[in-house]
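Novice: Okay, handing you the structure first.
The values are calculated or read from the model by the stated rules, or taken from the named source; none is laboratory data. None of these values were measured; they are calculated from a predicted model. Every residue, glycine among them, receives a Cβ derived from its backbone with ideal geometry; neighbour counts consider all protein chains shown. SASA here: full protein model, heavy atoms, side chains in, ligands and nucleic acids out. Shrake-Rupley method; radii C 1.70, N 1.55, O 1.52, S 1.80 Å.
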Amino acid sequence: MDRPLLRRVSARGCCSYSTLKAWMPILSWLPRYKLRWLQMDLLAGLTVGLTTVPQALAYAEVAGLPVQYGLYSAFMGGFIYTLLGTSKDVTLGPTAIMSLLCFSVVGGQPHRAVLLSLLCGLIQALMALLRLGFLLDFISFPVIKGFTCAAAVTIGFGQVKNILGLRGIPHQFFLEVYYTFYKIPEASIGDVVLGLLCLGLLVMLMFMKTSLGSGNGPPSSRFARKLVWAVATMRNALVVVAASFIAFSWDAYGYHVFTITGEISQGLPPFRPPPTSDTTANGTVVSFGEIVEGFGGGLAVIPFMGLLESIAIAKAFASQNDYRINANQELLAIGVTNIMGSFVSAYPVTGSFGRTAVNSQTGVCSPAGGIITSVIVLLSLAFLMPAFYYIPKASLAAVIICAVAPMVDYRVVANMWKIRKLDLLPFAVTFLMSFWQVQYGIMGGVAVSGVLLLYNMARPQIKVSDHGVLVMELSSGLSFPATEYLSHIIHTQALQASPPRSVVLDCHHVSIIDYTVISELRDLLRQFELRDVRLVFCRLQPSVLEVLLAADLEGLRYADSAEAALQMVSGNCLDDRHRNSPVTDWREDV
């Protein structure tokens, strides 16, 4: 084999390996893996696993599903993300927001929740392959905050009935509020006392973690701080275990004073394709098409919110820990996780901020920590399900309330009021509509944000100054929605004035121009010629000038500087294409 052919084969092999590394980031960090990393990943995976199990059980309640479905959804992400993820910190699994969205779409029907996971994963993976991650940029921060605040209120209040031990409460938010207060006299004393104790203990441990952490000091002090931090980090598991022991003890003596989780399916979920049809209680078979039609807008909202939540978390911790992520690769990781999760009866998952924070603070060194977390969930499914029978619902409700409480960020409202009051509009629309239907809140907020964005495009700021002739400076780009507005300003302030006035149009902010703008400029130039005044362009960018010249506009005049344009209009410069004149300070407001 000759050398050129060998070089071509070698280059092709290197290219293939680089492409493979791009699609499977594990090939980048695994060859550099160290024994010290293994120790830290084991510790982080164990800590996150003890946080994941009680949260997964609790979030399944939010999704309206049997609690084992929370664990079914909690282990696939660790294995898939280790292969495909680009962040060492992110953990994928059930979250409060995705659980609420899932309930709003499938109404607590397990088979449809699993099918929803498959369809969401396919949409997310397709977006990754088509490099459509930029679409997430169209969901503004006020919309995200409005949704998360409303979701926190909805989820948190939805658990009050479990703290009170109430039954028969409807799930629709406004009815839920009414009937919760209406049925307070029926509250179970045991559930109330246990729920409040769990809440108090969780809040105390959370504040202890915040105040103590693992700071510096004498060796004994550092050890105490680390011990407190470890206990506080595993607070969810400790509180649920303690509450379960209390419930078991009372039940053993014949006192059934707590509402417990009850019978749970034991063992690992079977690996099988998700169901493509469903059967109602009366035996009616619902086809795949009818199920998808029933999902409605949820098929757009859930994949987008899952991607948005996961990528926002990945970017935040990448910035904090000084590394980079690949947004499209993150899309692929979460998409494949949801696809494969549907084969083990999982409902849609995304990145969890709380568990990712625990993972990062524990010192995880690679995505391999997720494997340990997944193993702990699998062991729980295999051996601990009988013990979950005695978990009080009040303790799971306390875990959920403490998890979602920090999402109610009231300070963001004050900040938006100070910075840009108009941003409160999409925030308020999203927040209020989310109490009606969560997906409607998101779509309403995005629609309002889109209208505001289009309004800014259609009404660009135009700074007008008077130097014998009118000088109009466009403070932003010029595209077809803005042509009518620009034409109106020029007509009212120049062409309809008595006598008509010449105009210098400063276009140094205009970087792109379209056919509609060209058509309107052609008409304006004709109107100026009819009135024997001039419209002169200045400081045109080369790409825009090229388009104007190609359009062959009759009467086109332009200059490289504001001073040259003013001289051209006043008649002191005979050359309509004067160049390289110095720019003078002419921008004074009228």
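Novice: Check the straight Cα-Cα distances from LYS393 and name the lysines below 19 Å, setting aside those fewer than 8 residues away within the same chain.
Specialist: Qualifying lysines at Cα under 19 Å: LYS161, LYS183.
Novice: Continuing with the same structure: Once Lys and Arg get +1 and Asp and Glu get -1 on their Cβ, which of THR52, GLN68, LEU30 lies farthest toward the positive end of the dipole of the range 16-120?
Specialist: Of THR52, GLN68, LEU30, it is LEU30.
Novice: Now for a different question. Checking the a/c ratio against 1.5 first, then a/b against b/c, what shape does the Cα gyration tensor give for the chain? It would help to have the intermediate numbers written out before the result.
Specialist: Working: a/c = 2.35, a/b = 1.90, b/c = 1.23.
Prolate.
Novice: A follow-up question, please. What FRET efficiency would be calculated for the residue pair LEU384, ARG459, taking the C-beta separation as r and a Förster radius of 45 Å, to the nearest 0.05?
Specialist: 0.15
Novice: So, one more: Along the charge dipole of the range 423-552, which of LEU549, MET433, HIS509 sits closest to the positive end, that is, farthest toward it, with unit charges on the beta carbon of Lys, Arg, Asp and Glu (+1, +1, -1, -1)?
Specialist: It is MET433, whose Cα lies furthest towards the positive end.
Novice: Moving on to the next point. Using a 1.4 Å probe, what is the accessible area per residue for the chain, in Å²?
Specialist: Details: 28230 Å² over 590 residues.
The answer is 48 Å² per residue.
Novice: Note the per residue figure in Å³ for the convex hull of the C-alpha positions in the range 462-569. Don't jump to the answer; show the numbers that get you there.
Specialist: Numbers: hull volume 9.3 nm³, N = 108.
So the per-residue Cα hull volume is 86 Å³.
Novice: Using a 1.4 angstrom probe and counting only protein chains, how large is the accessible area of LYS226 in Å², to 10?
Specialist: Estimated to the nearest 10 Å², LYS226 gives 120 Å².
Novice: Could you tally the net charge around SER366, taking each other residue with its Cβ under 14 Å from the Cβ of SER366, Lys/Arg +1 and Asp/Glu -1?
Specialist: On the way: positive: ARG32, LYS34, ARG36, LYS88; negative: ASP41, ASP89.
Around SER366, the charge tally is +2.
Novice: Right, something else. Counting each DSSP H run of 4 or more residues in the chain as -39500 (n - 2.57), what helix-only mean residue ellipticity at 222 nm follows after dividing by all residues, to the nearest 500 deg cm²/dmol? Walk me through the intermediate numbers first.
Specialist: Values: 26 runs with 350 residues, N = 590.
The per-residue figure over the chain is -19000 deg cm²/dmol.
Novice: For the range 141-258, what class follows from the C-alpha gyration tensor (a ≥ b ≥ c being the square roots of its eigenvalues): rounded when a/c is under 1.5, otherwise prolate if a/b is larger than b/c, else oblate? Write down the numbers at each step before the final one.
Specialist: On the way: a/c = 3.67, a/b = 1.36, b/c = 2.70.
It is oblate, given that a/c is not under 1.5 and a/b is not larger than b/c.
Novice: A further question on this structure: For ASP552, ASP191, ASP523, give the ranking by accessible area with the largest first, probe 1.4 Å. Kindly include the intermediate steps, with their values, before the conclusion.
Specialist: Numbers: ASP552 120, ASP191 0, ASP523 50 Å².
Of ASP552, ASP191, ASP523, the descending order of accessible area is ASP552, ASP523, ASP191.
Novice: Let me ask something else about it. Within the chain, what whole-number % of the accessible surface is contributed by carbon and sulfur, with the 1.4 Å probe and all protein chains included in the calculation?
Specialist: Values: 17850 of 28230 Å².
C and S atoms contribute 63 percent here.
Novice: I want to check the label-to-label distance for ASN282 and TYR253. Put each point 7 Å from Cα in the C-beta direction and report it in nm to one decimal.
Specialist: Roughly 4.9 nm, to one decimal.
Novice: Please arrange TRP229, TRP436 by accessible surface area, largest first, computed with a 1.4 Å probe and ligands excluded.
Specialist: The most accessible residue leads, giving TRP436, TRP229.
Novice: Also, quick follow-up: Starting from 0.36 nm per residue, how many nanometres of slack lie between ASN321 and ILE189 once their C-alpha separation is accounted for? Before the final figure, lay out the partial values.
Specialist: Working: separation 132, 0.36 × 132 = 47.52 nm, distance 4.66 nm.
Answer, rounded to one decimal: 42.9 nm.
Novice: Any idea what the dipole of the chain comes to, in debye rounded to 20, about its Cα centre with Lys/Arg Cβ at +1 and Asp/Glu Cβ at -1? Before the final figure, lay out each step's value.
Specialist: Working: 41 positive and 37 negative charges, 425 e Å.
Using only the charged Cβ atoms, the result is roughly 2040 debye.
Novice: OK, next. Can you tell me the dipole magnitude for the range 438-552 around its Cα centre, using point charges on the Cβ only (Lys, Arg +1; Asp, Glu -1), in Debye to the nearest 20? All intermediate terms of the calculation are to be shown ahead of the outcome.
Specialist: Values: 8 positive and 11 negative charges, 44 e Å.
It works out to roughly 220 debye.
Novice: For the range 154-289, give the magnitude of the charge dipole about the Cα centre (Cβ charges: +1 Lys/Arg, -1 Asp/Glu; no others), in debye to the nearest 20. Write down the numbers at each step before the final one.
Specialist: Details: 9 positive and 6 negative charges, 141 e Å.
The calculation lands at about 680 debye.
Novice: Same structure again: Starting from the Cα of GLN361, step 7 Å along the direction of its Cβ; do the same at LEU136; then give the gap between the two resulting points in nm.
Specialist: 2.4
Novice: Could I ask something else about it? Please give the helix 189-212 orientation as an angle from the longest Cα principal axis of the chain, in degrees from 0 to 90, rounded to the nearest 10.
Specialist: Tilt of helix 189-212: around 60 degrees.
Novice: Relative contact order of the chain, please, whole-number percent, based on alpha carbon pairs below 8 angstrom and at least 6 residues apart.
Specialist: Reported as a whole number, the value is 23 percent.
Novice: May I pose another question? Let me check I have the definition right: for the range 410-458, take the eigenvalues of the Cα gyration tensor, multiply each by 5, take square roots. What are those semi-axes in whole Å, largest first?
Specialist: Details: eigenvalues 69, 56, 5 Å².
So the three semi-axes of the range 410-458 are 19, 17, 5 Å.
Novice: Please determine, in degrees from 0 to 90 and to the nearest 10, the orientation of helix 3-23 with respect to the longest principal axis defined by the Cα atoms of the chain, where the helix direction is its Cα long axis.
Specialist: That works out to roughly 70 degrees.
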